[in-house]
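Student: Before anything else, here's the structure in question.
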Amino acid sequence: MKSLFHDSYTRQMSLIVVVGLALSALVPATVQLFPGSAGFSVLAAAAVPFLLALALIIKPGIAGPNSGAVASTERLGSALLLYLSPVLLLNVVYPLVSPTMAAVDVDGVPLTLVVLASSITVPWMAQAACLPIYRVLGDLMAERNLEAITRKFCRYWPMMFVQSLPLVAVFAVPMWLASGWSATVMLDYVVLCVLHLLFVQSLVLANVANRRGLWAAAWSGYAAALFIAPTVWWLPPLVGTATQLLAMRSGLRHLGFTQRLGTRVFGLDLVRGLLMGAVLWADKFALFLVTKGDFNVVAVFAAMLPAVVAYNYYFVHLAPGVDRALNGLHRDIAAAPISALKGSSRRLSRVVDRSVLLTGAIAALLALSVSLVMSGVDPQQSLLAVAATLASWAFMVLTLLSYELDFIGEKTTPQIIGAVHLAVCVLAFAAGGLLGPLTGAAGGYLLLGAVDFVLIGIAWTLYKRHWSQPEYTLFWRHATTW
């Protein structure tokens, strides 16, 4: 641990994390002690951490781990905005169409509730459903040969979609048991999940090929369909999928049902995706089951925003730097003398450490900003908003550490972390519901967040152990054959 804080950059980012999280935790108490502060002054104060986070995002050359990166601020900003298009578009469209959707019932259940159930299911399901596709395309991802990627994707996609369908049952059964919905309502929920499964798998091609414009086009089509016909609930995922089919039209002639992954390999990938995805997404699903959808959706979804923004920033801007440093180490392992490995190893470890810390710092500042905004807008929901925001920060950091462990070849540990998180998640929200409205969702997030901070300590220790000498870990895991 001591070696991590040997330079001013890592100390600064660590300090930002600690201060940002500590100040966020104090917001509910401040609102209670000074009720008048829950107004314009609180909203104005939220601008300070937001601007600091923005400075870290748009000025990576000042303090970022990839100083001297070729990407300009404009390119970084546009890429991040395109990558965040689903968050930006849906947060604008959903509030506009919710009244229209709420006026429609599906066998006595508001359509908004069915759509909400699907919305909290799909992100978690997508983590598992897309992982086998990335396995299939893995050998082509580095070259980014779009024609070859499209051809292989189209050969495997039909069967992988069929193989992924049991995932819908994994989520539909607990949803039915908890909600008590009729067969009609459950059928709509299942169809929505299936259509979204098709949609999210179609997005893999744009993601692998790094086509941010195509990714944004898919979500723009989705949002447009939702805005134009909010009660035609099956239309948005179909429109989004159609944009991707149009882009891969040259490869559609390769569609077929002959190419597939083995059942055992595919099944293991689904389980791995479910467990690793649970850290970031299981809380919303568990909360919906316990409350039957009766929770403060605005507070919970606003609490996700800092983690989502920082998480996407990592993959848009920081992950490519990690990949470059890793490829450099691979080359040195294969061809350079042993003396060169130490320098490459130090560079890689430094880039990975700084990337994780910078992401955590950005999320901590945004968490403070969101905590202040939510407390200013709705002081009664201050505790829930702050508890969910801090817990979401922990979810995001724990997910990143799990990915770094998985990336270096430590496959089992992230799954164990995900399983522990999932078990605690179910118990936390079940207990919160039993204890009554004074704790409820806020109590569940407080308990789950506390456990996840312990898991972060464990994951960080394991992460440092494996990444302190990556050349040896990667060599013994046959990294040069990846």
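The values are calculated or read from the model by the stated rules, or taken from the named source; none is laboratory data. What you see is a predicted model, and the numbers here were worked out from it, not measured in a lab. All Cβ positions, glycine included, derive from the backbone under ideal geometry; neighbour counts span all protein chains shown. Areas reflect the complete protein model, heavy atoms only, side chains present, ligands, DNA and RNA absent. Shrake-Rupley method; radii C 1.70, N 1.55, O 1.52, S 1.80 Å.
Student: Quick one: what pairs do we get from the range 378-391, first residue over 17 Å from residue 283 (Cα atoms), second surrounded by 20 or more Cβ atoms within 10 Å (Cβ to Cβ), C-beta under 6 Å, 6+ apart or different chains?
Tutor: Within 6 Å, the pairs are 379/31; 379/38; 381/296; 381/299; 382/28; 382/31; 382/375.
Student: Could you list, in sequence order, the residues of the range 170-206 that are of a type in the set (S, T, N, Q) and closer than 17 Å to residue 246 by Cβ?
Tutor: Residues satisfying the conditions are 201, 202.
Student: I've got another one for you. Kindly indicate whether any position in the range 38-46 is more than 30 Å from residue 212 (Cβ to Cβ), modelled with pLDDT under 65 and open to solvent by 50 Å² or more (accessible area, probe 1.4 Å).
Tutor: Checking the range 38-46: at least one residue is more than 30 Å from residue 212 (Cβ to Cβ), modelled with pLDDT under 65 and open to solvent by 50 Å² or more (accessible area, probe 1.4 Å).
Rundown of residues vs (1) out of contact with any Gly (no Cβ under 7 Å at 6 or more places or on another chain); (2) over 20 Å from residue 287 (Cα atoms); (3) touching a residue at least 60 places away in the same chain (Cβ under 8 Å), yes/no style:
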| residue | (1), (2), (3) |
| --- | --- |
| 164 | yes, yes, yes |
| 176 | yes, no, no |
| 182 | yes, yes, yes |
| 185 | yes, no, yes |
| 188 | yes, yes, yes |
| 193 | yes, no, yes |
| 201 | yes, yes, yes |
| 210 | yes, yes, yes |
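Student: While we're on this one: Run down 365, 348, 398 and say which single residue is part of a helix (DSSP H, G or I) and at pLDDT below 95.
Tutor: On inspection, the qualifying residue turns out to be 348.
Student: How about the range 201-227: which of its residues are assigned to a helix (DSSP H, G or I) and open to solvent by 20 Å² or more (accessible area, probe 1.4 Å)?
Tutor: Start the filter on the range 201-227 by keeping residues that are assigned to a helix (DSSP H, G or I), which leaves 201-202, 204-208, 212-227.
207, 212, 213, 214, 215, 217, 219, 220, 224, 227 - these are the residues of the range 201-227 that are assigned to a helix (DSSP H, G or I) and open to solvent by 20 Å² or more (accessible area, probe 1.4 Å).
Student: Looking at the range 367-391 only, could you name the residues that are within 16 Å of residue 300 (Cβ to Cβ) and either open to solvent by 10 Å² or more (accessible area, probe 1.4 Å) or touching a His at 6+ places or on another chain (Cβ under 8 Å) (or both)? Before the answer, list the steps.
Tutor: Here is the first cut: in the range 367-391, the residues within 16 Å of residue 300 (Cβ to Cβ) are 367, 370-371, 373-375, 377-378, 380-391.
Selection gives 370, 373, 374, 377, 378, 380, 381, 383, 384, 390.
Student: Just checking, how many residues over the range 392-427 are open to solvent by less than 30 Å² (accessible area, probe 1.4 Å) and either of a type in the set (Phe, Trp, Tyr) or free of Cβ contacts under 8 Å to residues at least 24 places away in the same chain (or both)?
Tutor: 2
Student: Six or more apart or on different chains, Cβ atoms under 6 Å: show the pairs whose first residue is in the range 82-97 and under 11 Å from residue 230 (Cβ atoms) and whose second is part of a helix (DSSP H, G or I) and open to solvent by 30 Å² or more (accessible area, probe 1.4 Å).
Tutor: Every condition considered, the pairs that remain are 93/227.
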